[in-house]
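All remarks here apply to the structure that follows.
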Amino acid sequence: MKRIVFATGNEGKMAEVRMILKDLGCPIVSMKEAGIDVNIVEDGKTFEENAIIKASTIMKVCGDIVLADDSGLEVDYMDKQPGVYSARYMGEDTPYTVKNNHIIKELEGVEGDERSARFVSAIACALPNGDVITTRATIEGRIGYEEKGTNGFGYDPIFYVPEFGCTTAEMTPEQKNQVSHRGKALEAMKIKLKELSEFNEMFNS
Ligand code: IMP
């Protein structure tokens with residue numbers, strides 16, 4: 001079957017990915033839809049390393065072109081934590097409202113520019129011939145003083161974007177995808193994919 005598999009089990013992430021990649025001209029399926037259930041050990045030290053681990057591991061299982069995103073929140077005042085540990089921060093199953101309020105507490109008494117933070121997304125594409133390509137993008141913001149908004153997922157309710165005057169959880173999905181780390185990194189990946197002979201042979205022949 002001609003398809004691209006997106007290596008994530010995160011439903012919030014997958015919803016964004018589907019919307020951003022819908023004009024790529026090929027079916028994008030999640031690991032679950034592809035019937036792949038593999039436990040991936042994300043032991044890389046950078047977003048890029050983890051994205052490559054995810055994409056390459058799943059490509060070896062299914063043989064398709066596989067995309068993966070590794071992303072996270074860097075809070076400058078907290079020495080760029082939780083960073084690559086964003087999903088595992090305070091425990092994988094800890095509700096995000098607990099994680100978010102913990103970060104707000106860590107920044108108690110901290111004002112203005114010192115509340116700076118960014119979301120980072122590294123996208124890796126693993127091709128059946130073993131080649132791997134990556135893209136990366138960020139969105140700059142500040143940690144809010146309380147959770148605001150119900151859209152998005154994860155740390156969105158505390159990620160305030162000054163230019164928009166709201167958090168990424170208060171943006172519509174379309175607005176967030178236009179400015180987000182993941183939206184920009186996937187747009188850059190789309191351009192790279194369309195230049196690849198392997199992609200064009202598979203989807204334009
Ligand atoms: P990954 O699935 O291992 O890449 O973990 C990414 C984690 O970073 C997510 O589970 C969230 O905690 C956080 N994260 C990444 N992107 C976003 C976003 O767009 N909004 C909110 N949290 C995000």
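Descriptive notes on the structure:
- Calculated FRET efficiency for the pair Asn151/Arg18, C-beta based, R₀ 22 Å, to 0.05: 0.90
- Helix-only CD estimate at 222 nm, as mean residue ellipticity for the chain, using -39500 (n - 2.57) per DSSP H run (n ≥ 4): -9500 deg cm²/dmol
- Prolate/oblate/rounded label for region 4-203 (Cα gyration tensor, a/c 1.5): prolate
- Within the accessible area of region 4-203 (1.4 Å probe), percent carbon and sulfur: 50 percent
- With K and R counted +1 and D and E -1, the other residues having a Cβ less than 13 Å from that of Ile20 yield a net charge of +2.
- Mean projected area in nm² (Cα convex hull; one quarter of hull surface) for region 96-175: 6.7 nm²
- Considering only region 4-203, percent of DSSP beta bridges that pair antiparallel, nearest 5: 80 percent
- Exceeding the 28 Å Cα-Cα cut-off - candidates Lys45/Lys148; Lys80/Lys194; Lys105/Lys190; Lys148/Lys184; Lys2/Lys54; Lys54/Lys194: Lys45/Lys148; Lys80/Lys194; Lys105/Lys190
- On the basis of the beta-carbon distance and an R0 of 35 Å, Tyr85 and Lys2 show a calculated FRET efficiency of 0.45.
- Excluding ligands, DNA and RNA, the accessible surface per residue across the chain is 49 Å² with a 1.4 Å probe.
The values are calculated or read from the model by the stated rules, or taken from the named source; none is laboratory data. Bear in mind that the values here come from a model prediction, so they are computed numbers and not experimental data. Here the Cβ is made from the backbone with ideal geometry for all residues, glycine too, and neighbour counts use every protein chain on show. Remember, those area values only see protein heavy atoms, side chains included, never the ligands or the DNA or RNA. Shrake-Rupley method; radii C 1.70, N 1.55, O 1.52, S 1.80 Å.
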